[in-house]
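In what follows, a structure is listed as structure tokens, so that the remarks can point back to it.
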Amino acid sequence: MSAGDRLAEHFERLCDLPPEQQRRAIEELGLEPAERDELTRLLAADQSEGDPIREAIVDSAVNAEPRQSARFGAWKLVRELGAGGMGTVFLAERVEGQFEQYVAIKLLRGFPTSESMRRLRQERQILAALDHPNIARLLDGGETEDGQPWLAMEYVAGLPLLEYVRLHAPSMRERLALIDAMLDAIEHAHQHLIIHRDLKPANVLVTEAGTVKLLDFGIARLIAVGEQDQRSTSTRIFSRGYASPEQQAGSTITTASDIFSLGVMLREMLTGRRSDEGAADASITPLRLDADMAGIIAKATSARPEDRYTAIGELRDDLDRYRDGRPVRATAMTRRYRLRKFVGRHRIGALLSVAAMLVLALFVWRLDRERERAVLAESSAQLALAASERDAASARASLEFLTDALSAASPDAAMSTQVRVRDLLDAARRKLEARDRSDGSFTQRMQRLLGSLYSQLGEIRIARDLLHDGLAGVVPKDSVDALRLADDYEDYSMVLGMLEEGDAALAAAQNAARWREQYAPDDKVLRVRSLQMLAMVVHRAGKDEEAIDMLRQAYRLGIDEAIADIDIRLESAQLLASLLATRGDCEEALQVADDGLARAGEELPTDAPAKLPLMRARALALNACGRPADAEAVFRAAIALQERVAGGGGSRMMVLTNDLALTLNELGRYQEAAEMLSRADKAVADIGLGKIDKAISWVNRAGTLENAGDYEATLKALDTAIALLDEDHVEAENQVRRRIERSQARTFGLVGRHEEAWRILSDLRQRCRRIEGEDSGEYAMITWQLALLAGRMKDPARGLPLLDEAERLWSALVPPAHQVFAHILRVRAGFAIAKGDYADADRMLGQAIAAFEAHASSAVDLAIARSELAELREREQRPAEARELLARAMPVLRSTVLPAEVSRARAERLASRLGFKATP
């Protein structure tokens with residue numbers, strides 16, 4: 001290409017950019033100084049009216065444009081349709097033949113350089129190879145007498161894509177139908193070895209009948225045709241905002257580049273935004289994206305080509321799965337991102353406890369006041385039992401009285417530790433079952449009431465059956481009935497959610513929301529309650545993005561509408577902050593919690609119990625931000641408040657003490673954590689949790705006991721948890737059961753039952769590969785546990801390949817500075833010592849110690865690593881250095897873990913051999 005052609009091409013591409021962008025683009029071109037100066041003068045002249053250089057350029061361009069009377073083969077130009085960076089498109093009519101026909105003729109615009117002529121000829125070649133209903137067809141083509149190529153394409157009378165979306169495609173279904181057609185067209189091109197390379201909304205028209213037509217293959221590339229060298233796989237011509245990172249960087253372009261552009265277009269069609277951070281197009285009504293759709297877009301627009309869908313068919317398949325309600329493959333990528341964000345601030349071992357406890361606590365906390373009312377309402381339950389023996393006419397009044405009595409019970413009172421309501425409810429249920437069913441409406445009312453009370457006592461399955469029967473076929477007579485029925489459906493939805501019956505829980509929640517919307521459309525409090533309820537259901541189903549979106553709506557509604565009910569406003573803040581903290585969005589979680597606490601401070605007394613949920617949410621946010629010491633202070637303040645206003649029992653105390661125990665565990669203060677869990681035990685017994693939630697509580701206790709070194713108590717706690725799951729007939733593949741089995745196997749390894757532990761972990765790893773996939777956090781955890789077990793068995797042959805794999809898996813899930821990599825160095829050092837390679841072991845232990853020293857919360861891990869280096873120094877006949885290391889390690893180990901804890905026991909044996917005299 002001549003220097004003039006090069007400058008003309010650069011000028012054509014840059015002339016429409018703002019001056020600052022022009023300047024940056026020129027710097028990136030790598031031109032010779034003289035060429036750069038010439039191009040700069042041309043672009044500057046283009047901005048100046050009356051400049052002779054500009055006039056010469058314009059005259060040249062005008063002379064290059066065809067007259068509208070010009071003929072191209074059988075076609076005569078009618079009018080200009082539009083112009084792009086390379087070409088101008090005209091509407092043309094047939095002047096030869098016996099029929100009327102219109103086409104779109106594309107010609108080169110401005111400077112007809114040799115490169116632009118080559119590209120237009122290639123576009124003609126490409127279009128000739130494509131025959132698809134969603135690609136504008138090539139109908140004719142040729143060259144003028146002076147050698148300028150032209151092509152005649154199918155004329156599409158339609159609207160640009162985004163304008164069509166705005167006017168005619170309001171729903172998700174309609175917008176996805178448009179992307180389906182684009183996928184079909186691009187897949188056809190890819191099958192013919194063609195990459196479009198300039199996909200953007202302006203290159204897509206939609207006809208009045210809704211047919212999508214893809215235009216402009218002007219910079220498309222034939223993958224295997226006409227390439228002279230590797231550089232031809234790229235071009236610096238692209239549409240900013242839609243081009244893939246590799247295209248903008250001038251790197252090799254593949255079909256993944258088109259997939260990136262399609263992902264950007266999909267996001268823009270659904271939300272009005274090209275990027276998550278970009279400004280929204282106000283003309284497009286944004287649709288709410290749930291976690292699955294957000295995951296699909298994230299995968300399609302990943303910065304790295306290898307992380308995107310490998311083919312158009314994969315993207316289409318995920319969209320089909322999304323429409324059918326099936327799991328999408330992009331979820332794994334979304335899960336990795338969220339796990340990486342959350343785990344980056346936490347010790348690996350704390351994850352199961354924290355996540356499982358959050359799900360439990362949200363439900364327990366939400367039911368807390370109702371559960372307290374149920375315990376206080378023993379006399380009311382007796383009245384209900386008596387009412388079941390009276391005539392149906394008086395039963396309604398009795399039930400209304402009971403409901404009012406329960407509602408009037410103080411939400412601030414603590415649960416009694418002497419609960420006999422269960423006996424009364426069982427008696428009432430037996431009476432009801434034996435009763436004449438002729439008055440079906442009364443029976444169903446009683447079933448719904450008893451179901452609600454059973455749920456508050458933790459008897460979830462009995463509650464589920466009663467509520468199911470009590471709601472079957474019930475139609476409200478008036479608005480009062482409808483709103484009562486909505487409350488019953490809300491109870492039913494929560495019960496189903498706790499039993500992990502997600503679809504049924506969602507249907508019940510939607511029924512409740514529908515009754516409220518129909519019969520009380522202006523009641524903002526009921527609207528907020530419905531949003532909270534729906535959010536809890538979708539959270540339980542693992543759709544946290546959708547749940548958070550609903551809670552944001554509820555939170556904003558409470559503020560914007562100035563809802564007077566402060567309890568419901570604070571509950572929205574607490575639920576939102578807690579879920580944000582779990583996802584790892586600690587800054588926003590802290591902001592929401594602090595805002596809620598500030599409002600509570602303005603409107604409530606100093607010791608108002610309503611502040612407790614928000615104090616807990618704030619502590620969770622601090623933990624999510626990697627600030628466990630600050631979280632500890634907040635938890636202790638909340639526990640002190642609970643004790644002042646309600647005593648030491650109840651579900652709130654169970655949740656708070658368990659949270660504090662997990663935080664102490666995170667801080668490495670294992671003995672304190674175990675003591676705090678013992679305190680939580682009594683509250684757990686008091687509140688009547690369901691069996692699965694009780695099992696989770698026992699697992700949390702086991703984890704803390706294991707860290708402290710009480711392995712016998714750990715195994716007993718895990719046995720209790722497994723027995724609870726057995727009683728509840730929880731299946732083998734249930735996530736909670738598999739996590740408990742992993743904890744059990746790890747403890748077996750610590751107490752020397754190595755082969756048993758190896759068998760269990762190997763089986764769990766195979767099952768996890770099938771159920772959750774090799775990219776899951778659980779698969780990484782099990783692989784890591786197998787590597788640790790091989791280290792305890794002093795088996796480098798089995799351990800090193802597993803350790804390599806674990807390191808690779810964790811690298812995809814957590815940031816490079818995470819402490820798990822310091823632990824990996826410790827295990828590698830152990831294998832090196834087993835092989836006699838002391839130098840390597842010395843280097844790796846030194847690196848591990850440096851990593852632990854960088855984390856203030858790693859005191860126990862640092863002490864263990866120092867004790868291991870001390871043992872290496874003993875092997876190297878350097879006892880003085882070994883004693884010095886022990887002097888720094890032993891005080892920490894002796895103050896935080898029990899003598900039987902494996903690392904402390906090993907360090908104590910070393911201290912004895914070295915005659916270390918420090919006082920225990």
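Observations on the model:
- Phi angles of the range 428-433 translate, via the Karplus equation with coefficients 6.51, -1.76, 1.60 and θ = phi - 60°, into HN-Hα couplings of 5, 5, 5, 4, 5, 5 Hz per residue; Gly and Pro are given as x.
- Computing FRET efficiency as 1/(1 + (r/R0)^6) for L193 and A282, where r is the C-beta to C-beta distance and R0 is 51 Å, gives about 0.80.
- Förster-model FRET efficiency, 35 Å R0, S895 and S811, C-beta, rounded to 0.05: 0.55
- Among 698-705, 508-515, the peptide with the highest mean count of other Cβ atoms within 10 Å heads the list, and the full ranking is 698-705, 508-515.
- Packing-based ranking of 736-748, 259-271, 301-313 yields 259-271, 736-748, 301-313, ordered from highest to lowest mean Cβ neighbour count within 10 Å.
- Annotation: extensible slack from D726 through A44 equals 237.6 nm (criterion: 0.36 nm per residue apart, minus Cα-Cα distance).
- Applying 1/(1 + (r/R0)^6) with r as the Cβ-Cβ distance of E27 and E675 and R0 = 60 angstrom yields a FRET efficiency of 0.40.
- Whole-number Å³ per residue for the convex hull built on Cα positions in the range 782-857: 83 Å³
- Amide H contacts for I194 (H built 1.01 Å from N in the peptide plane; partners 5 or more residues away or on another chain; cut-off under 5 Å): I223.
- The protection proxy used here, the mean number of other Cβ atoms lying within 10 Å of each residue, ranks peptides 192-205, 797-810 as follows, highest first: 192-205, 797-810.
- Net length gained if the chain between Q248 and E588 were fully extended (0.36 nm per residue, minus Cα distance): 119.1 nm
Every number here is computed from the coordinates shown, using simple stated rules; none is lab data. The structure presented is a predicted model; accordingly, all values stated were derived computationally and were not measured. Here the Cβ is made from the backbone with ideal geometry for all residues, glycine too, and neighbour counts use every protein chain on show.
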